[in-house]
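Before any comments, here is the structure.
The values are calculated or read from the model by the stated rules, or taken from the named source; none is laboratory data. Note that the structure is predicted; figures quoted are calculated from it, not measured. Every residue, glycine among them, receives a Cβ derived from its backbone with ideal geometry; neighbour counts consider all protein chains shown. Areas reflect the complete protein model, heavy atoms only, side chains present, ligands, DNA and RNA absent. Shrake-Rupley method; radii C 1.70, N 1.55, O 1.52, S 1.80 Å.
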Amino acid sequence: MQFKLLIASVFFAASASAITGKLGDAAIITDNPVGASYVATFPSNGTITGSAKFSTTGNGTGVEVSLDLKGFKGATGPYAYHIHDQPVPASGNCNGTLAHLDPYQRGQVDPCDPKYPATCEVGDLAGKHGKIPSSNGTMLEVYLVFVDNYISTKQGIGAYIGNRSIVIHNSAGGRITCANLTSIRVRSPAVPSPSGSISPASGASAVTVSGFLGLTAFIIGALAL
Ligand SMILES: [Cu+2]
């Protein structure tokens, strides 16, 4: 009996230390300013174009993220996307955004376990909510809406996303495109996105994939090449 208990406690300690930031688990931010909203528009001359919008939820807990992207094709996915620590420099070089937003100093060596989002890097959106899948030869247009409880629109804290950037990666980790999060003034509280009514581009067939933590609505329009 004592032996079994010892093994169990060692296993627990090892798992906990592997996935928790040096400064602990990420906090759920419950007092994001109502009406705060940020948008990142990817360069129109890139392979992947579109935008990402980040808005305080109706009750101030968490941030609603809406991705509206196109240009995914071929077998270069699945595609990760993260909030990176620094904005894109004037040169447009995505390497200038440095590493993921990681105020709890977790690091990115151990993959994020989406079952325990508080243990993930705050900026690791794909780790927590799922990567954009490979398109297998078809051109994909992606609409992705989810709420992340750990990023924040509240200035002055480590999880604040304003004045930072979002980067989209290929399967090898290369940086395909990046864009800065800039504030857009929204006076009234954010209205929940009607994710169920979003339609793919005309002429496209729609595939809905759901189940990422039960929070993600994932609608993909598959366009023939
Ligand atoms: Cu990244």
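Given the criterion modelled with pLDDT under 95 and not aliphatic (A, V, I, L, M), identify the matching residue among Phe42, Phe72, Phe54.
Answer to the selection: Phe72.
So is Ala90 of a type in the set (A, V, I, L, M, F, W, C), over 21 Å from Ser55 (Cβ atoms) and open to solvent by 70 Å² or more (accessible area, probe 1.4 Å) or not?
yes
What's the number of the condition Ala36 fails, among (1) surrounded by fewer than 21 Cβ atoms within 10 Å (Cβ to Cβ); (2) more than 16 Å from the ligand (Cβ to nearest atom); (3) of a type in the set (Gly, Ala, Ser)?
Unmet condition: (1).
Would you point out the residue of region 140-189, among those that are outside any loop (DSSP other than H, G, I, E, B) and open to solvent by 50 Å² or more (accessible area, probe 1.4 Å), that is nearest to the ligand (Cβ to nearest atom)?
Arg175
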